[in-house]
Amino acid sequence: MNLPGYILPSLPQSAFADLHRRAFFDCCKWDPQVEDVSILAPFPVILKQTAWREISRLAEQLADEILRAESELLTKPHLLKRLGFPRPVRKALLQSGNMDSREAFRVMRFDFHFTMDGWRISEANTDVPGGFNEASGYASLIQSCYKSYASPGDPADSLVSAIQHHTPPGGIVALAHATAYTDDRQVMVFLARLLSKRGLRPLLISPDLLRWTNGMAFLNTEWSQEPVDFIFRFFPGEWLPNLARACGSHHFFSGNRTLLANSAVSLLTQSKRFPLVWDDLDTPLPTWRQYLPETRDPRHAPWNHDEDWILKPVLGRVGDMIGIRDVTEPRQWRAIRRNARWFPNAWIAQRRFQSCPFRSDQGDFYPCFGVYTLNNRATGIYGRLARTPLVNHLACDAAVLIENLSSSPTLSIPQSPCLVQSRT
């Protein structure tokens, strides 16, 4: 098998220990280990230039098809129930079909895997993609040690530039997120630092600290009731209807005059049941049809006795609750099977693909290459490596670099901290 890339040897232990500390302080990587195991890879994954060109092109095509499909879905409300949304979410999306939404731009991430049959995508995060501090910050630290390899892009810098373009100098940028979760908070703090350097005023808030008047968003805090100039949402769209009515969370779906990204209409394609409505759309989806494995309602797939099928929750994230026979822990696999039988509308069955492992000096890893897009332009990669074909919260974060054919591979151990600040 001709793999599209390879893994370089690990950094010396002392050099990696230094990067580990700097990832914590400079890149806000506050969860560098899970269950006492480091989830920061001490080496980069290298993609060949042809491979990067291919998956970046595919990601841009997937994003373009998504944006056109969502516009059509809003005109066909009878399809919403088939997407597996709870009633409050369907109600918010139904209202969106009758009201305008001011979405400044759209950020998405498409998860690619190299298989025995070439590239496949496992899913797309079209709602609130994360990983910016790893894909931009930690990747930059790793690249400082492997200078002969190129960066595939800086998704955080691209995002911040887009926000700056739509926000007046000194304007307030509300980073609306689930403030109780450290893994969400760290991403927002990282982006807030970059926004501050652009002369903007980022505020890290929960969406229930906003109040809306005639479609305009205002702060509703003890220290300020100022108008907000831009909202970046990092709060899952399906959670918004759970907020108090006074929060006006429906404005994240539509009827907003304050610019935001992403609109919660993105839930239309965040649902893993999106493929179940393809045949009812006029929008052609050739890239999706070719690269996403066959997807069915669990009532119409032989997942219970055929190991070629896996189960996924409709709105699952980070590989949570994915059921793969002989890979998922047996007790969890039983729970997933039971839930899929009892609540089939909340699940999908997807045909399994055979991922190809990459060899390293620490054993074999199964890589996932999450390609970011801003609107329909690829901006970088979030790399994750798993010991099994299931890429979940136990996978480690890895810098992805691009092979540079014009220079010889070299390892350069920096003598002074390579702070993220020096890049912006």
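For Asp117, the conditions (1) on the phi > 0 side of the Ramachandran plot; (2) touching a residue at least 12 places away in the same chain (Cβ under 8 Å); (3) not β-branched (Val, Ile, Thr) all hold with the exception of (1). On the given criteria, is Leu93 over 17 Å from the mean Cα position of the chain (by Cα) and of a type outside the set (Ser, Thr, Tyr)? In short, yes. Note on the stretch 323-347: among residues that are small (Gly, Ala, Ser) and open to solvent by 20 Å² or more (accessible area, probe 1.4 Å), the one that is nearest to Gly370 (Cα to Cα) is Ala346. Scanning the stretch 139-165 for residues that are β-branched (Val, Ile, Thr) and farther than 24 Å from Phe234 by Cα turns up just one, Ile142.
The number of residues in the stretch 238-285 that are of a type in the set (Gly, Ala, Ser), open to solvent by 10 Å² or more (accessible area, probe 1.4 Å) and assigned to a loop (DSSP other than H, G, I, E, B) comes to 2. Specify the residue that is least open to solvent (accessible area, probe 1.4 Å); the eligible residues are those in the stretch 109-148 that are of a type in the set (Asp, Glu) and assigned to a loop (DSSP other than H, G, I, E, B). The qualifying residue least open to solvent (accessible area, probe 1.4 Å) is Asp127.
Do we find that Gln350 is touching a Ser or Thr at 6+ places or on another chain (Cβ under 7 Å) and open to solvent by 20 Å² or more (accessible area, probe 1.4 Å) in this structure? When the stated conditions are applied, Gln350 does not pass them.
With respect to (1) touching a residue at least 24 places away in the same chain (Cβ under 8 Å); (2) outside any helix (DSSP H, G or I); (3) open to solvent by 40 Å² or more (accessible area, probe 1.4 Å), the lone exception for Arg299 is condition (2). Within the stretch 85-103, track down each residue that is open to solvent by less than 20 Å² (accessible area, probe 1.4 Å) and out of contact with any Phe, Trp or Tyr (no Cβ under 6 Å at 6 or more places or on another chain). Scanning the stretch 85-103 gives Phe85, Val89, Leu93.
Yes/no matrix, rows are residues, columns are (1) more than 24 Å from Ser136 (Cα to Cα); (2) acidic (Asp, Glu); (3) touching a Phe, Trp or Tyr at 6+ places or on another chain (Cβ under 7 Å); (4) surrounded by fewer than 20 Cβ atoms within 10 Å (Cβ to Cβ):
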{"site": "Ile7", "(1), (2), (3), (4)": "no, no, yes, no"}
{"site": "Phe24", "(1), (2), (3), (4)": "no, no, yes, yes"}
{"site": "Cys27", "(1), (2), (3), (4)": "no, no, yes, no"}
{"site": "Leu40", "(1), (2), (3), (4)": "no, no, yes, no"}
{"site": "Arg68", "(1), (2), (3), (4)": "yes, no, no, yes"}
{"site": "Lys76", "(1), (2), (3), (4)": "yes, no, no, yes"}
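Counting just the residues of the stretch 149-173 that are touching a helix residue (DSSP H, G or I) at 6+ places or on another chain (Cβ under 8 Å) and outside any helix (DSSP H, G or I), which one comes out farthest from Ser249 (Cα to Cα)? Among those residues, the one meeting the criterion is Tyr149.
Residue-wise test of (1) crowded, with 19+ Cβ neighbours inside 10 Å; (2) closer than 30 Å to Leu8 by Cβ; (3) in contact (Cβ under 8 Å) with a residue 40 or more places away in the chain.
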{"residue": "Arg289", "(1), (2), (3)": "no, no, no"}
{"residue": "Leu292", "(1), (2), (3)": "yes, no, yes"}
{"residue": "Val318", "(1), (2), (3)": "no, yes, yes"}
{"residue": "Met321", "(1), (2), (3)": "no, no, no"}
{"residue": "Gly363", "(1), (2), (3)": "no, yes, no"}
{"residue": "Gly380", "(1), (2), (3)": "yes, yes, yes"}
{"residue": "Arg387", "(1), (2), (3)": "no, yes, no"}
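Among the residues of the stretch 46-60, none qualifies, meaning not one is over 22 Å from the mean Cα position of the chain (by Cα), buried (at least 19 other Cβ atoms within 10 Å of the Cβ) and small (Gly, Ala, Ser).
Taken together, Phe190, Phe235, Phe230 contain a single residue that is open to solvent by less than 10 Å² (accessible area, probe 1.4 Å), closer than 23 Å to Ser96 by Cα and out of contact with any Lys or Arg (no Cβ under 8 Å at 6 or more places or on another chain), which is Phe230.
Restricting attention to the stretch 286-296 and to residues that are of a type in the set (S, T, N, Q) and assigned to a helix (DSSP H, G or I), the residue that is nearest to the chain's Cα centre (by Cα) turns out to be Thr287.
Against the list (1) within 27 Å of Cys27 (Cα to Cα); (2) at pLDDT 95 or above; (3) open to solvent by less than 10 Å² (accessible area, probe 1.4 Å), the condition Arg198 fails is (3).
Right, Ile310: open to solvent by less than 20 Å² (accessible area, probe 1.4 Å) and part of a helix (DSSP H, G or I) or not? Considered against the rule, which asks whether it is open to solvent by less than 20 Å² (accessible area, probe 1.4 Å) and part of a helix (DSSP H, G or I), Ile310 comes out as no.
The values are calculated or read from the model by the stated rules, or taken from the named source; none is laboratory data. Everything quoted here is computed from the prediction, not taken from an experiment. Here the Cβ is made from the backbone with ideal geometry for all residues, glycine too, and neighbour counts use every protein chain on show. Ligands, DNA and RNA are excluded from the accessible area calculation, which covers all protein heavy atoms including side chains. Shrake-Rupley method; radii C 1.70, N 1.55, O 1.52, S 1.80 Å.
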